[in-house]
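Please treat every number below as a calculation from the coordinates, not as lab data. Note that this is a predicted model, so its numbers are computed, not measured. Glycine also receives a Cβ, built like all others from the backbone with ideal geometry; neighbour counts cover every protein chain displayed.
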Amino acid sequence: MKSYELIIIGAGPGGYVGAIRAAQLGIKTAVIEKDKPGGVCLNVGCIPSKALIHQAEQFNAIPDLVKMGVKVDLADFDYQQVFKKSRLASKKLSKGVQFLLKKNKVDYIEGEAVFKDKKTLLVNDEELQGDHIIIATGSRPKEIPGFKIDEETILSSTGALMLEKLPKKMLILGSGAIGVEFSHIFSSFGVEIHLVEMLDNIVPTEDIDISKELEKAFKKRKIKIYTATKATGYEKGENGLIVTLKDMDDNEQKVEVDKILLAVGRDTNVKGLGLEKIGVELERGNFIKTGDYYETSVKDVYAVGDVTSSPLLAHVASKEAEIVVEHIAGEETEKKLDPTIIPGAIYCEPEIGSFGLKEKDIKDKKVKITKFPYKGIGKATAVEQSEGFIKLLTHEVTGEILGVSIIGAQATELIHELLLAKELGISTEKIAKLIHAHPTFSEGIMEASRMSQGWAVQV
């Protein structure tokens, strides 16, 4: 029987980052993975989807080239080449993860792990013993009644990433990050998109102004949006799938498409781990319940990432795993992530970046709301990306940053300056006086901060 100080189940963003950090701290570590290193994010999630988004942006630039007199012939456009580039990016990074694990002397074991007892795992008929065990098995696409995923007509996000030929029309159920990103990708390549959201606004977890701005941008691109609407079923017609939509007033309409993409959330990968044998408690269905340092109800067994009730984000899983292994190593670390400093990033067009309070969360009259338009950023106008705004929620008296929502070009990058300011207790007054290079998008952060102080220059 092989013994380790730490065994991690799953080599996704939580698993492999935790394993490498543990090795850096001198902890003898093994990581077990039943599929490919890098998990969903790297292989069939964040990375290949961003590769597709990059290609979509290249494709979207064609009309501007035409305006400058460049002749572009799209007759031989082959989406399969776009697909191949996205797979190449994933393959490179997956190999990179394997290299990093080997470099840090982490034992990488291919196989499926099942708990035999609190300290022992069965993997490929072999017993592995760990003083500490981290469950980082991630999640999988969720199904809904009447829409069984077959990856032919009813797609998950994985199936959508694996398409080598584009449909003419697609219906996307769910307008969270996955739904709007795929709406952006496929509409860029000429697919007619029907985006259906059960709640009142698309990207419903974002600030209401962000939702409205994105909806406006999507409608300009001819993306058809149905809010406060459910898909109740579908049938196969002569030319495709006929989907029945019903709004909150029970009004029905039929939409004919070639494929349906389910983007309605994700389910945890906890089945088959044998958690019931060792007494690991679950909450809210199939999420693993954790306490301080992400320890489960069983001592020395931890859980991080999508299997817990944390936000389902790769960077959250990675940070949680770092907290666990630093705790195991006796390092000083926080007990849990502060939810107010977790950045969210959505890579549609325009991009969205946010953290902390949203306007709907405000109950204190001492909160000041500031909206600075991208039109006031010189660089944004120069590069024809002046759509969007920066929205700050600050304490009216102290200028403390309570929440930020940005929609516009490079929003997913810009958000971090304000996030760092919040973490370090830097007020908007100080940001307003910090010199920013001109012309840059980050000047918008300076100007928004100045606006919150009552002296913006560029509006």
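Brief remarks follow.
- Taking all C-alpha pairs of region 350-453, those more than 21 Å from each other amount to 25 percent.
- Computed about its Cα centre, the charge dipole of the chain is approximately 700 debye, with only Lys, Arg, Asp and Glu carrying charge at their Cβ.
- Sum of side-chain charges, Tyr16 neighbourhood, beta-carbon under 13 Å (Lys, Arg +1; Asp, Glu -1): +1
- Contact order, relative form, for region 15-105: 44 percent (alpha carbon pairs under 8 Å, 6 or more residues apart, mean separation divided by residue count).
- Counting Cα-Cα pairs of region 154-264 in 10 Å increments starting at 0 gives whole-percent bin shares of 15, 50, 32, 4, 0.
- Normalised contact order of the chain, rounded percent, pairs of Cα under 8 Å and 6 or more residues apart: 14 percent
- Averaging Cα coordinates gives a centre for region 268-343 and one for region 368-426; these two points are 31 Å apart.
- Per-residue ellipticity at 222 nm, computed for the chain from helices alone with -39500 (n - 2.57) per DSSP H run of at least four residues, works out to -9500 deg cm²/dmol.
- Cβ-based charge dipole, the chain, positive-most Cα from Leu88, Phe355, Leu161: Leu88
- Among the cysteines of the chain, those with no neighbouring cysteine Cβ under 4.7 Å are Cys348.
- Region 154-264, relative contact order in percent, only Cα pairs under 8 angstrom and at least six apart counted: 34 percent
- When the alpha carbon gyration tensor of the chain is reduced to an equivalent ellipsoid, its three semi-axes come out at 37, 31, 22 angstrom, largest first.
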